[in-house]
Amino acid sequence: MTLISAALLAAVIMAAFIFGRGLAFSRGGAFSASGVSGRAHSLPAYHGYFAAWAVGVATILAAFIGWMLRDTIGFEVVAILVIVTAGAGFVVCHQLINPDFRARNFVETFVKMALFLCSGVAVLTTFGIVLSLVFESLRFFEQVPLLDFLTGLQWSPQTALREDQAGQSGAFGAVPIFTGTFMIMGVAMFVAAPIGLLIAVYLSEYASKCTRALVKPIIEILAGVPTVVYGFFALLTVGPAIRGFAESFGFSVPTQSAIAAGSVMGVMIIPFISSLSDDVINAVPQTLRDGSYALGATRSETMTKVIFPAALPGIIGALLLAISRAIGETMIVVMAAGRAANLTGNPFEAVTTVTVQIVSLLTGDQEFDSAKTLAAFALGLVLFVITLALNVVALLIVRKYRERYE
Amino acid sequence: MEANAIQDSGLFRPVTPGGEVIKMSEKRAHALAVEPKFKCRDVRVFYGATEALHGIDMDIENTGVTALIGPSGCGKSTFLRVFNRMNDTIPNARVTGDILMDGENIYDKKIDPVLLRARVGMVFQKPNPFPKSIYDNVAYGPRIHGLATKKNDLNEIVETSLQKAGLWNEVKDRLKDPGTSLSGGQQQRLVIARAIAVSPEVILMDEPASALDPIATAKLEELIDELKEKFCIVIVTHSMAQAARVSQKTAFFHLGDLVEYDDTEVIFKNPKDQRTQDYITGRTG
Ligand SMILES: Nc1ncnc2c1ncn2[C@@H]1O[C@H](COP(=O)(O)OP(=O)(O)O)[C@@H](O)[C@H]1O
Ligand SMILES: [Mg+2]
């Protein structure tokens, strides 16, 4: 049914285009065969596009309104309404199209409006998400004071089903979750930052064109591996390996730990850092390299003393972007970090993160007005604010750095 | 202008504009005047399979300023980069032939290009101060070559280099400011101070004034005139007037060939080759 309607609509729009263009051709000698003429305002094709737009928009609108009202007015009336509207569109075009008609300007306006609408959808969606986060979080903070949430040391949402317990028991203290998040982020950056930066240095300063063309895409494949694959890699390979390694020294370590999740996440974000930093280092003008070489500096001196400092702001921007990626990552930590909200500074223990908690708060049958589920919105809001701030700072730094050389 | 007139009167000038007598042993002065700094024999430079310079034979005088002129794309920059082996940093560039500096082949296996570049400084077309402070820009070379062990020594090198580059008075109160905060002309003099700081014997300049306004250009030319007392200078320029003003020897390049090389005066007054004449009178180029 929908398929047929869509096909019909497309046919009507096509017909309108051909109709409008044909009309433009046939209306007087103003349109020459080549479409260029001293008198006509717009090329025949523009008349065609105009007709297609006008008939198409009118028909879609009519169909939409009819569809909303289909229960009151009946399906037949809807069909008639749509057909009449389409017909009316053709009639209007028939009246309008003549050599003086400014079809091109109309088409330009249509295009502009269509583009505007598309970007509007994206912007409105973002606003909608933010607003819903904010309002649901406000409902949460009616039940659990903001201060308790941000400073509480204990997180056990399962026990806090009754509102009167929630605030007092301190069960919604988010500190362990944030320490867990930052610890995993720290482990990930500890792995990814040096490796990613050294890769970038190698690619931009040392590798031959050939090597670079080969190595860079291969590293970028790392970014394309689905995170769930990293997740079971962390759970099934890295976690047990770390445990086995620790046991050989006589320590007992759980399979799920901050270090297992963090190190695998580090591998995941290596390509972010290496790729962005490589671009940043490449953007350092060649004249600076030449200047340094001409003074008798070696490659590594030039790298460490001139290029790296020059690229540092951009590299920091790249690192911040990587951090915000690490903080927002869910799947690896769900699988490999455990769920226990331990407040600990030991990366060999199981910890939990904001994203993991949101998942576990919202999976399963839930009422969406208990403090437990609303807590997910509060966590989401905090996470959003942190990553937004990181991104803004990163972009500001990167932009400022760009201006310096342009 | 008056100073220029005096300076133009001879290749060798024993007194600086300030009236200071240059101290130089007679023997060294003699050696300098006689032996060329560079001897080039059949120098060819290839970019990939294309030959950009077709066998250049040329001696560069130990003293004074040698100018390289010619239409753009004729290989002036390529030839200049031969002297400090900067062509080595261009991936597909290859140099053949002999280039002797003080009698020693600088393309010999035992020559380290990194050390050579400390002896042969270079100034580029666009001022390229590092994004560091003025002080750190000048101190860069001495630091990487370990020329100063004490802070005071380094300070002194920075100060004298900036003085020689005629920039000290303008920047002595703002040594911590970024080098990029200076004007174009000041930046170019900063870059010259940076090159001087490692006490090179030769300074190569590739169209050093092409990004500068006329006043900054005049200052730069004045500076070149002072520097030629202590350094062997090779300058590429697209301005024939500039070549005439600052140089004592001029080489005219055309399509990868050295067409004519003589005293600047001769090149500009009685060029022997028709191509030189056409270029000088503005019919080509
Ligand atoms: N890096 C390079 N790769 C390939 N060809 C080059 C390169 N640099 C210069 N050339 C070529 O060598 C010739 C001489 O260039 P160049 O020395 O820059 O001339 P000039 O400085 O006299 O304008 C030109 O034809 C130029 O296209
Ligand atoms: Mg050039």
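The values are calculated or read from the model by the stated rules, or taken from the named source; none is laboratory data. Source: prediction; values computed, not measured. All Cβ positions, glycine included, derive from the backbone under ideal geometry; neighbour counts span all protein chains shown.
Tabulated results
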{"quantity": "Among (1) surrounded by 18 or more Cβ atoms within 10 Å (Cβ to Cβ); (2) more than 22 Å from the chain's Cα centre (by Cα) - the single one B:LYS110 does not satisfy", "calculated": "(1)"}
{"quantity": "Residue satisfying all of: in region B:206-232; within 14 Å of chain A (Cβ to nearest Cβ) and on the phi < 0 side of the Ramachandran plot; farthest from ligand 1 (Cβ to nearest atom) among these", "calculated": "B:ALA211"}
{"quantity": "Hey, B:GLU61 more than 13 Å from ligand 2 (Cβ to nearest atom) and out of contact with any strand residue (DSSP E or B) (no Cβ under 7 Å at 6 or more places or on another chain) or not", "calculated": "no"}
{"quantity": "Filter result for the condition that a residue is within 16 Å of ligand 2 (Cβ to nearest atom), more than 14 Å from every other protein chain (Cβ to nearest Cβ) and touching a strand residue (DSSP E or B) at 6+ places or on another chain (Cβ under 8 Å), over B:GLY75, B:GLY55", "calculated": "B:GLY75"}
{"quantity": "Residue match in region B:158-172 (condition: touching a Ser or Thr at 6+ places or on another chain (Cβ under 6 Å) and within 14 Å of chain A (Cβ to nearest Cβ))", "calculated": "no"}
{"quantity": "Filtered residues of region A:326-361 (kept if acidic (Asp, Glu) and either in contact with a Leu (Cβ under 6 Å, 6 or more places away or on another chain) or over 17 Å from A:LEU236 (Cα atoms) (or both))", "calculated": "A:GLU329"}
{"quantity": "Restricting region B:87-96 to residues that are within 14 Å of another protein chain (Cβ to nearest Cβ) and of a type in the set (Val, Ile, Thr), the residue that is farthest from ligand 2 (Cβ to nearest atom)", "calculated": "B:THR89"}
{"quantity": "Cβ-Cβ under 7 Å pairs, at least 6 apart or on other chains, region B:84-97 side within 12 Å of ligand 1 (Cβ to nearest atom), far side part of a loop (DSSP other than H, G, I, E, B)", "calculated": "B:ASN92/B:GLY48"}
{"quantity": "Unique residue being buried (at least 19 other Cβ atoms within 10 Å of the Cβ) and either more than 14 Å from every other protein chain (Cβ to nearest Cβ) or assigned to a helix (DSSP H, G or I) (or both) when the list is A:ALA297, A:ALA318", "calculated": "A:ALA318"}
{"quantity": "All positions within region B:160-214 that are in contact with a strand residue (DSSP E or B) (Cβ under 8 Å, 6 or more places away or on another chain), in contact (Cβ under 8 Å) with a residue 60 or more places away in the chain and among the small types (Gly, Ala, Ser)", "calculated": "B:ALA195"}
{"quantity": "Answer from B:ASN84, B:ASN137 - the residue that is within 14 Å of chain A (Cβ to nearest Cβ), closer than 27 Å to B:THR237 by Cα, crowded, with 21+ Cβ neighbours inside 10 Å and within 18 Å of the chain's Cα centre (by Cα)", "calculated": "B:ASN84"}
{"quantity": "Residue within region B:196-205 that is within 16 Å of ligand 2 (Cβ to nearest atom), among the aliphatic types (A, V, I, L, M) and closer than 24 Å to B:ALA139 by Cβ present", "calculated": "yes"}
{"quantity": "Conditions (1) at pLDDT below 95; (2) within 16 Å of ligand 2 (Cβ to nearest atom): number failed by B:GLY48", "calculated": "(2)"}
{"quantity": "Test set (1) modelled with pLDDT of 95 or more; (2) more than 8 Å from ligand 1 (Cβ to nearest atom); (3) of a type outside the set (A, V, I, L, M) - B:GLY55 fails condition number", "calculated": "(1)"}
{"quantity": "Residues that are surrounded by fewer than 18 Cβ atoms within 10 Å (Cβ to Cβ) and touching an Asp or Glu at 6+ places or on another chain (Cβ under 9 Å), drawn from region B:96-106", "calculated": "B:THR96, B:GLY97, B:ASP98, B:ASP102, B:GLY103, B:ASN105"}
{"quantity": "Elements of type helices (runs of 4 or more DSSP H) in region A:41-126, at least 2 residues being polar (S, T, N, Q)", "calculated": "A:75-96"}
{"quantity": "Qualifying residue in region B:144-154 (condition: within 14 Å of chain A (Cβ to nearest Cβ), within 16 Å of B:ALA197 (Cα to Cα), within 16 Å of ligand 2 (Cβ to nearest atom) and not basic (Lys, Arg))", "calculated": "no"}
{"quantity": "Among the residues listed as B:ARG143, B:ARG81, the single one being within 16 Å of ligand 1 (Cβ to nearest atom) and charged (D, E, K, R)", "calculated": "B:ARG81"}
